[in-house]
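Visitor: Here it is: the structure, laid out below.
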Amino acid sequence: MINRELIRIKTVQLTYAYYQNGSKNIESAEKELLFSLSKAYDMYAYLLALIVGITKESRRHLEVAQARAQREGTEMPSQKFAYNRFALQLEENKMLNELMETQKKSWNDNPEFLKKLYLQITESQIYHDYMTDEQDDYAADREVWRKIYRTFIQNNDDLDALLEEESLYWNDDKDIVDTFVLKTIKRFDEKKKASQELLPEYDSEEDKDYARKLFRYAILNADEYHHLMSETSINWDFSRLAYMDIIIMQVAIAEMLSFPSIPINVTINEFVEIAKAYSTPRSGSYINGMLDNIAHHLIETGRLLKRIDDRNDKITQ
C-alpha cells in the first residue's frame, strides 16, 4: 500500500524536520521516517474498520426499529443495509481484525461520530436508491459502500479532526490513503470470504529499501546538491527560494542521481506536485525549471546516464 508517492512526501517532510529539530541524528530520523510510513498503513486499516463501525451502528438502529414495529404491530424494517454482504465480509476479515487488534483502537470509542455519520448516510439519495433498488446482490452491496465512502468519508471535516486527534502522523496522509481504501473495496471478492487479502504494507521490500536510501542520500549528499542548485539557478534567485523548495529539490536530486530505473521526467513531475501541495503557490514553476536545468547539466557533464524526453519534460502550470 505504501507507494512511492507517499514515500516521496514523507521523505520531504522528514528531511525538513531533520534540519529543524537540531539533533541531526540520521539513525533516529530514519526510524522516524519508517514509523511515519507505518502509521499511514494503520490509518488504512482504521478507515476500513470505519465501514464496520457504521454497519454495527446501523444494526443498533435496526434493533430499536424492530422492537418498535413489533410493539406497534407495523411492518418490520428492512435489514438490507445492516446486513450488507460486503460490510459483513469486511467485518469478518481476518487480516483487518488482526491489524485492528494490533492497533488497540476501536470505533466504538467514538459513538457520537458514528451516529452522526450513520444518520447522514441514511438521509442521502445514495441510501434511498440502494434500499429501494430491486437489485439485491453482492455487487450492489459493494458498490453502495464505494459510493458512501467517496461521498461521506473521503471529504469529511469531522473525520479529519478526529483522525488528527488520534495521531499526529495522520494530518497529511488521508487523501492518499483514501485511494487505497477505495481500491480495496473494489477488489473484494465474495468467494474469498474472511480470507480476502487487504493491500500489504509495502508492495515489495524494494520500496522499503527505496525509502531508506532516498532519505539517506538526500541528507548525506546535501552540500553537493545545494551546490548544484546554486550553480544552475541562473534565471532564479536561489537565495530567495522558500526553504521547503530547497528541501524538495534536494530530495528530487537524490532520486535523480541514485535510482537509475526511475525516469528523470517521473522524478521532476512527482516533486513538482509535492511543491504545489506543500510549498508556495509559485513553487511548482520554480522547481520544474530548476530541476530541468539541473538534469540537463548532470547529463551534459556525464554524471547522469539518463535521458530527458524533451517533448514532455516541462510541466504545464
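Visitor: Given T301, T280, which one is free of Cβ contacts under 8 Å to residues at least 12 places away in the same chain, among the β-branched types (V, I, T) and surrounded by fewer than 23 Cβ atoms within 10 Å (Cβ to Cβ)?
Guide: T301
Visitor: Here's something else I'd like to know. Filtering the range 127-145 down to residues that are part of a helix (DSSP H, G or I) and surrounded by fewer than 15 Cβ atoms within 10 Å (Cβ to Cβ), which residue is nearest to the chain's Cα centre (by Cα)?
Guide: The residue in question is A139.
Values in this text are rule-based calculations from the coordinates and carry no lab data. Small disclaimer: the values here were computed from a predicted structure and weren't measured. A quick note on method: Cβ atoms are made from the backbone with ideal geometry, for glycine too, and the neighbour counts reach across all protein chains shown.
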